[in-house]
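Working notes for the structure below.
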Amino acid sequence: MTETPRSSIPDRLRSPLDRRLKSWETLLLAVAIAIFVVNSFTSPYFLNVWNLSDMTFNFTEKAMIAFAMALLIIAGEIDLSVASIIALASTAMGAAVQVGVGTPGLVLIGLGVGLLCGAFNGVLVTRMGLPSIVVTIGTMSLFRGISYIVLGDQAYRGYPSDFAFFGQGYVFWVISFEFVLFACLAIIYYVLLHKTNFGRAVYAIGNNPVGAEFSGIRVARVKFILFLLTGLMSGVAAICLTSRLASTRPSIAVGWELEIVTMVVLGGVNILGGSGSTPGVVIAAFVMGLVTFGLGLLNVPGIVMSIVIGALLIGVIALPRLWQTWRLQAAKR
Amino acid sequence: MKRRTFTSLVAGMSLAASLMGTSAMAQDNMRIALVVKALGIGFFEAAAEGAEEAAAELGNVEIIYTGPTDTTAEGQIEVINSLIAQGVDAIAISANDPDAVSPALQRAMQRGITVISWDSGVNEEGRQMHLNPSSTPLIGNTILKLAADHMPDGGQVAILSASATATNQNAWIAAAEEVLPNYPGIELVATVYGDDLSDKSYREAQGLMASYPDLKAIIAPTTVGILASCQAVSDAGKIGQVNVTGLGLPSEMAGCVESGATKSFAIWNPIDLGYSATMIAHALASGAATAEPGAEIPTGRMGSVTLDDTNTAAMSDPFTYDASNIDQFKDIF
């Protein structure tokens, strides 16, 4: 099939197996396995279940938000305020602790603030028709700004001891609560995006919002729900992170929005919308976790680590394109 | 199909190649990790230099100098997790957040790792002891002594502080006033506040020279104030008449020392701090000393430190910088 000109119709479609083997997810998985193998050789400490369990904390919280962010980006929108929502939700929980609210109340507050922030973004984007990148750059400063006004250079502490379970607890042996939550959310988002009408609507909106509107999809409503989901996931991540740190400062989770977007794009989601998958994001989360942890074990400075992540992102995206161009040119000759 | 799989492997391996290069280190060395707020800060590079000096003196000690790219607690936690995974013998940390890193450090201690904090402390649950570069009485005495050293016949001195509500400065000034009787002939005529603003500090210094024509020294226990005072004295042409001293950064003060407006000033010496932290970590990890209130821990060429009720110790008097050593330190911090 390599010799056929592009314009001609192939005799038969590519087989499902062929398609799967050539997919983005396969490429990423191969990268993940390669990094895993290399890590096992370069550091004697890598292949240890407890260490691998510790590693998962590097990405679980970010990945939870990345799942929802992937849907939002597929639908052609973006939310850059997620890290600031974490800060605000965490601040609200911290303030609640000071007046004696227990763990169930704290969870509700964390989720509630996340939802409210998501709704705020959603209303500004869908009702007022503002571009999401502008809106969420604004709310990024707004939400964290509120945290800074409330806390200044102070910190909230004194979280109840059972609250520690979310970020520091283990469900079974080395399997942390955060990892179980990450896995459950991965399945939920897989079903939502790939097996429901809602998921198909998300793709349709990303590919052609006007066409989607005329096909009877309530575009504004779907987008609003996606902002709500992203806010909610930020609330979930805020609960886990606050529990793991056992304290709140306004600088909590600074810079996470870019790491989350990186994770989504590395996972094969088109930054312009329209395509992408949940499994891709799951594997991308592992790739980023494995790289940072592997380099950490070798005590590679953080600056070099950022460079590697950047190179990884460009490399994984550019190489298949270069390969394709090269093959097309070879076919022409 | 095969070719594509090969591409993915190449992609993975080219990335992996950057991970290679370091092999497993000798196991019989004691490994002490010096964790700093962020890499690439002169103050901490100098501390690492001190740590290496201590390691060379002790023998069989390997220093792992590490830290995140930016000054975040989350970044430090990832570093701590990787150090736990490597099973280092001791962690000496200058924390970005006294509370957020505490759960991770507690886990390190549970796994048998000695944990101390230095420079910026961790809350009491998260470390075995904390090493302060100096203490309030030592600083109060030093700033007064620096002025008195160059006033053999006594005379008038004035203090130019940060804001009237600055906790640190107020404590240091109170400590200085307490030891004032030990310096006969020295008269403290005024304490003014420049609010750590260059222009306001400059005007306050001008005001002091106008109000007290016989003023012999301005003591500014703040890096902004000392620099502004030095400028004001130079501009007024009173170099040699009014000596500016206090706490400053060598990099900023080099010009003042050169012009003679400042004969000497003080600040903690990061090299000594890294050296002492390493000595203490080694003593605790090897079992030569125990971290308990009242314990005296030897710190090599720096003498020894004594722990107070909160297992906190002060290293020494602030280090004095003058024309003889300013060139050595001005490039460091």
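The values are calculated or read from the model by the stated rules, or taken from the named source; none is laboratory data. All values reported here derive from a predicted model rather than from experimental measurement. Note that each Cβ is placed from the backbone with ideal geometry, even for glycine, and that neighbours are counted across all protein chains shown.
Let's see how each residue does on (1) small (Gly, Ala, Ser); (2) exposed (fewer than 15 other Cβ atoms within 10 Å of the Cβ):
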| site | (1), (2) |
| --- | --- |
| A:Ser90 | yes, no |
| A:Ala95 | yes, no |
| A:Gln98 | no, yes |
| A:Gly102 | yes, yes |
| A:Val113 | no, no |
| A:Phe120 | no, no |
| A:Val123 | no, yes |
| A:Arg127 | no, yes |
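Identify, by number, the condition in (1) hydrophobic (A, V, I, L, M, F, W, C); (2) crowded, with 22+ Cβ neighbours inside 10 Å; (3) facing another protein chain (nearest Cβ under 10 Å); (4) assigned to a loop (DSSP other than H, G, I, E, B) that A:Val269 doesn't meet.
(3)
I'd like to know if region A:249-259 contains one or more residues that are assigned to a helix (DSSP H, G or I), surrounded by fewer than 24 Cβ atoms within 10 Å (Cβ to Cβ) and more than 9 Å from chain B (Cβ to nearest Cβ).
Looking through region A:249-259, at least one residue is assigned to a helix (DSSP H, G or I), surrounded by fewer than 24 Cβ atoms within 10 Å (Cβ to Cβ) and more than 9 Å from chain B (Cβ to nearest Cβ).
Among (1) surrounded by fewer than 21 Cβ atoms within 10 Å (Cβ to Cβ); (2) part of a loop (DSSP other than H, G, I, E, B); (3) facing chain A (nearest Cβ under 7 Å), there is one condition B:Pro68 misses while meeting the rest; what is its number?
It fails just one condition, (1).
For region A:281-333, how many residues meet the condition of being over 30 Å from B:Leu34 (Cβ atoms), more than 8 Å from chain B (Cβ to nearest Cβ) and touching a helix residue (DSSP H, G or I) at 6+ places or on another chain (Cβ under 7 Å)?
The number of residues fulfilling the criteria is 7.
Go through B:Ile226, B:Ile219 for me and flag whichever is part of a helix (DSSP H, G or I), modelled with pLDDT of 90 or more and closer than 23 Å to B:Thr136 by Cα. Give the derivation first.
Working: B:Ile219 fails: part of a helix (DSSP H, G or I).
Residue meeting the stated conditions: B:Ile226.
Could you check, for region A:277-293, whether at least one of its residues is within 24 Å of A:Val82 (Cα to Cα) and not in a helix (DSSP H, G or I)?
Yes: one or more hits.
Test A:Leu312 against the stated conditions and say whether it is closer than 24 Å to A:Ser234 by Cβ and under 21 Å from the mean Cα position of the chain (by Cα).
Answer is no for this residue.
So B:Thr165 fits all but one of (1) modelled with pLDDT under 90; (2) in contact with a Phe, Trp or Tyr (Cβ under 8 Å, 6 or more places away or on another chain); what number is the exception?
Answer for B:Thr165: the failing condition is (2).
From A:Phe224, A:Phe163, A:Phe198, which residue is out of contact with any Asp or Glu (no Cβ under 7 Å at 6 or more places or on another chain), in a helix (DSSP H, G or I) and modelled with pLDDT under 95?
A:Phe163
What do you reckon, is B:Glu204 within 18 Å of B:Leu144 (Cβ to Cβ), in the same structural domain as B:Leu160 (by TED's automatic domain parsing) and of a type in the set (D, E, K, R)?
Taking the combined requirement at face value, the residue does not satisfy it.
Consider B:Gly75 carefully, then state whether it is touching a Gly at 6+ places or on another chain (Cβ under 8 Å), facing another protein chain (nearest Cβ under 8 Å), closer than 29 Å to B:Asp331 by Cα and surrounded by 24 or more Cβ atoms within 10 Å (Cβ to Cβ).
When the stated conditions are applied, B:Gly75 does not pass them.
Every residue, every condition in (1) out of contact with any His (no Cβ under 6 Å at 6 or more places or on another chain); (2) at pLDDT 90 or above; (3) under 30 Å from A:Thr103 (Cβ atoms), yes or no:
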| position | (1), (2), (3) |
| --- | --- |
| A:Ser234 | yes, yes, yes |
| A:Leu272 | yes, no, no |
| A:Ala284 | yes, yes, no |
| A:Leu298 | yes, no, no |
| A:Ser306 | yes, no, no |
| A:Arg321 | yes, no, no |
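Where residues in region B:36-65 are in a helix (DSSP H, G or I) and modelled with pLDDT under 90, which of them is surrounded by the fewest Cβ atoms within 10 Å (Cβ to Cβ)?
The selected residue is B:Gly42.
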